[in-house]
Structures are given as structure tokens and as C-alpha cells.
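Note sheet for the following structure.
The values are calculated or read from the model by the stated rules, or taken from the named source; none is laboratory data. Quick caveat, the model's predicted, so the values are computed rather than measured. So basically every Cβ, Gly included, is an ideal-geometry build from the backbone, and we count neighbours across all protein chains shown.
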Amino acid sequence: MLYFFSFSLRHRYSLAVRLLVLLLLISTTAGACSESALEEQRDEPQEREKQRIEPDTMLARRQPAGPPSTIDFLGNPILSDYRQSKKLDAYFSRISTDFTLDADPIENLHRPTITDTIYTIRFGESLIELYAPSQTGELLLQVADIRNAGIALRNNMKVGMGQPELMNKLKNFDVRILQTNSEIVATSTEGAPASLRFFLKNGKVNRILYDGYVD
């Protein structure tokens, strides 16, 4: 009986020692983890601050350039605002007389399976023709044949104005000017082969013909 009691005490003592050692190990490991977590927390604000101080300048250089806000004169002699040129209403608001609008489907020049649209605005003997590719949402001016004062071009150039006034207005644009007694032609100094013709009669403009370049 005494032997059994002595064995029991040794067993309990050994178990208590093992538990104590285990608790010490757990406490030491937890302390090390806590210190590591604190170190990471102290380092994290520094990393965030570093990111704020050193922005990604390469990202700014990689941003694609957006479309221009204005259109060159021979790109569209009626409207200068790029966003407005994509709206039919912008052309309607420039016409000071009654007009009609026709919409005709047309096969895409490069992809025959795609159908685009040709819009034709008519007012009197005049017309404006716009090409609308279905995939881009653009509205491209390709022809304008103006025979009355129902619409004015940019800088208020219109049918009925005198030749000297027209020449002064054209000098405000980067165009090449060819002049004869019956006609004044404005062409691009470089780039697409668009042209703007002013036909003269008795020293005044009696017709304006624009031939744009649409690929």
C-alpha cells in the first residue's frame, strides 16, 4: 500500500512538471509571435507611407491619350467641338431653315458583314452628308454642298459673303489657299486630302463644296 502511494505521488509530480514545462513553452512561443506581430504592425505604416511618397509614375505614362477636344478646320469646317460633332442635333441647330433627314444603310468598306449608316440632311438645294460607322459611334462629315445662306461654316463663313472678307477669315486657319477669279480652294498643308471650295459669282460666294476624307 505504501509503495502504491509513493508511486502515485511520483507520477503526479512527474505530470505536474511536464505540464509546467508545456505551459512555459506555450508562453514563450506566444510571446515570440506577439513580438513578431508588433514588428509587422510597426513596419506596415512605413510601407504604406513609402507607397504614398513614391507613386507609380510609369502608370501615368501608360495612360492612353484621349481624343482631341477640337477638330481641325478641314476635318470639319462646320463644327469644331469633337463631342458635338458626334450628335445630329448639333448640325440641326446650325441650320436656320427647314430641312429633312434621310438615313440609308451602307456596307462597311473594310468589313462587308457590318452595316453602317449614311445620314443626309437636305435644306433647299443644299445638303450635308454624314457617315456613321456602327461600331465606333462616330459621325463623320464627308460631303457638304451648300448653295444658300441657311447654314454658316465656322468663323461665320457662308454663301453671300464677299471675296475679301472670305480671304481674311480663311487666314485664321492653317490651310493652303488657291485663288482664281471664279473659285477659292482651301486644302490641307499636310495629312488627309480634304478640300473646301468656295465658288464665286460677281465677287461673292454663291456655293460652298466640302469634300472630306473618310477611310
With the structure loaded, tell me whether P193 is modelled with pLDDT of 95 or more and exposed (fewer than 14 other Cβ atoms within 10 Å of the Cβ) or whether it fails that test. no
Please list, ordered by first then second residue, the pairs with beta carbon atoms under 8 Å, 6 or more apart or interchain, first in region 168-186 and more than 18 Å from G203 (Cβ to Cβ) and without any contact (Cβ under 8 Å) to a residue 60 or more places away in the chain, second among the hydroxyl-bearing types (S, T, Y) and loosely packed, with under 11 Cβ neighbours inside 10 Å. R176/T189
Any chance N172 is exposed (fewer than 12 other Cβ atoms within 10 Å of the Cβ), on the phi < 0 side of the Ramachandran plot and touching a helix residue (DSSP H, G or I) at 6+ places or on another chain (Cβ under 8 Å): yes
Residue ID - farthest from Q135 (Cα to Cα), chosen from residues in region 76-108 that are among the hydrophobic types (A, V, I, L, M, F, W, C) and part of a helix (DSSP H, G or I): F92
Residues that are modelled with pLDDT under 95, surrounded by 12 or more Cβ atoms within 10 Å (Cβ to Cβ) and either closer than 18 Å to D211 by Cβ or of a type in the set (A, V, I, L, M) (or both): does region 87-105 have at least one? no
Being in contact with a helix residue (DSSP H, G or I) (Cβ under 9 Å, 6 or more places away or on another chain) and surrounded by 16 or more Cβ atoms within 10 Å (Cβ to Cβ) is the filter here, so list the residues in region 155-168 that pass it. M157, M161
Here are N148, N168, N156, N181: which of them is polar (S, T, N, Q), in contact with a strand residue (DSSP E or B) (Cβ under 9 Å, 6 or more places away or on another chain), more than 22 Å from Y213 (Cα to Cα) and at pLDDT 95 or above? N148
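Working only within region 118-154, note down all residues that are among the hydroxyl-bearing types (S, T, Y) and touching a residue at least 60 places away in the same chain (Cβ under 8 Å). Steps first, please.
Going through region 118-154, the residues among the hydroxyl-bearing types (S, T, Y) turn out to be 119-120, 126, 131, 134, 136.
The one that is among the hydroxyl-bearing types (S, T, Y) and touching a residue at least 60 places away in the same chain (Cβ under 8 Å): Y131.
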